[in-house]
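Read the structure below first, then the notes.
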Amino acid sequence: MRALIPEPAIDVDVHEHYARHWLDRGGVRANFISSVDGAVSVAGLSRGLQTPGDNRVFAVLRDLTDVVLVGAGTARMEGYAAIRVSADRQATRKRFGLSEELPTAVVSQSLHLDPSAPLFGDTGPRTIVLTCAAADHDLRTQLQDRADVVICGENVVDLGAARSALADRGLTRILCEGGPTLFADLAQAGLVEELCLSLSPQLAGPGAGRITSGATWPLDKTGRHALALDGLLEEDGALFCRYRMLR
């Protein structure tokens, strides 16, 4: 994998590339893949777009984070399980000053989650469920035996409060892996510091969604959604962009 930005390099250290500025600064870093024509999935799943380079970047970003943040719909569709970090990856995380364990945090307003799913296993780090006070009490009780359930807001999940709840646990480097609605809501709320976007060298054709979804954003003149390209890698025609969100 070669680097094009910030400095050209034939064989880049991918961990060092994505660790630069991030480990000290922290915040929310979103990771997505899309086709060149903007599709975020093929047949409803992101894996149809993946390349070997994207899989490598995906693993590196997990190596450099305190917690993986994901929406409940994406967790169900993509079959998320509690993350068990191998000995080699534990050593890598330790080298960068991170915990050997990598928990998952799930945003769920309805709490329609299966407590018996692999995400809530008996081994591995305990999953964190970020929900709101209006969520069904019985469902909350069922999940509390299998996960740490945190109330963030009254009728809807307050994403700012959710981020603060993770920070209170020492989880300040947050990797959001989707889905598009969660990412759009985080970005609209000004809660995203970085977007790591893999561009898969293919056309997916009409029909697929984009990396953002949900309600249309209001027009404004603040430029809060402008991006600055801080890093760019390339491998086999795929591009791996590292964008900094401009406030």
Count of region 88-99 residues which are exposed (fewer than 13 other Cβ atoms within 10 Å of the Cβ) and either in a loop (DSSP other than H, G, I, E, B) or in contact with a helix residue (DSSP H, G or I) (Cβ under 9 Å, 6 or more places away or on another chain) (or both):
2
So the check is Cβ under 9 Å with 6+ separation or different chains; which pairs have a first residue in region 9-28 that's assigned to a loop (DSSP other than H, G, I, E, B) and a second one that's of a type in the set (S, T, N, Q)?
G26/T172
Taking the residues in region 167-219 that are open to solvent by 60 Å² or more (accessible area, probe 1.4 Å) and of a type in the set (V, I, T) as candidates, determine which candidate is nearest to L102 (Cα to Cα).
T172
Return a yes/no flag: does region 36-43 have any residue that is in contact with a Phe, Trp or Tyr (Cβ under 7 Å, 6 or more places away or on another chain) and on the phi < 0 side of the Ramachandran plot.
yes
Which residue out of V68, V85, V57 is part of a strand (DSSP E or B) and either closer than 22 Å to F32 by Cβ or within 19 Å of the chain's Cα centre (by Cα) (or both)?
V68
All but one of (1) within 20 Å of H17 (Cβ to Cβ); (2) part of a helix (DSSP H, G or I); (3) not hydrophobic (A, V, I, L, M, F, W, C) hold for G73; which doesn't?
(1)
If I ask for residues that are open to solvent by 10 Å² or more (accessible area, probe 1.4 Å), part of a strand (DSSP E or B) and touching a residue at least 40 places away in the same chain (Cβ under 8 Å), which ones from region 35-54 would you list?
V42
Restricting region 16-34 to residues that are under 17 Å from the mean Cα position of the chain (by Cα) and closer than 17 Å to R95 by Cβ, the one surrounded by the most Cβ atoms within 10 Å (Cβ to Cβ) turns out to be Y18
Determine whether Q142 is more than 12 Å from the chain's Cα centre (by Cα) and within 27 Å of I33 (Cβ to Cβ).
no
Report whether or not V57 is surrounded by 15 or more Cβ atoms within 10 Å (Cβ to Cβ), over 26 Å from D148 (Cα atoms), at pLDDT below 95 and among the aliphatic types (A, V, I, L, M).
no
Being more than 21 Å from T74 (Cβ to Cβ), of a type in the set (K, R) and under 15 Å from the mean Cα position of the chain (by Cα) narrows it down to one residue among R242, R247; which is it?
R242
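The values are calculated or read from the model by the stated rules, or taken from the named source; none is laboratory data. Note that the structure is a prediction, hence the values are computed from the model and not measured. Here Cβ is always computed from backbone atoms with ideal geometry, including for glycine, and neighbour counts include all displayed protein chains. Side chains included, ligands, DNA and RNA excluded: accessible areas come from the protein's heavy atoms. Shrake-Rupley method; radii C 1.70, N 1.55, O 1.52, S 1.80 Å.
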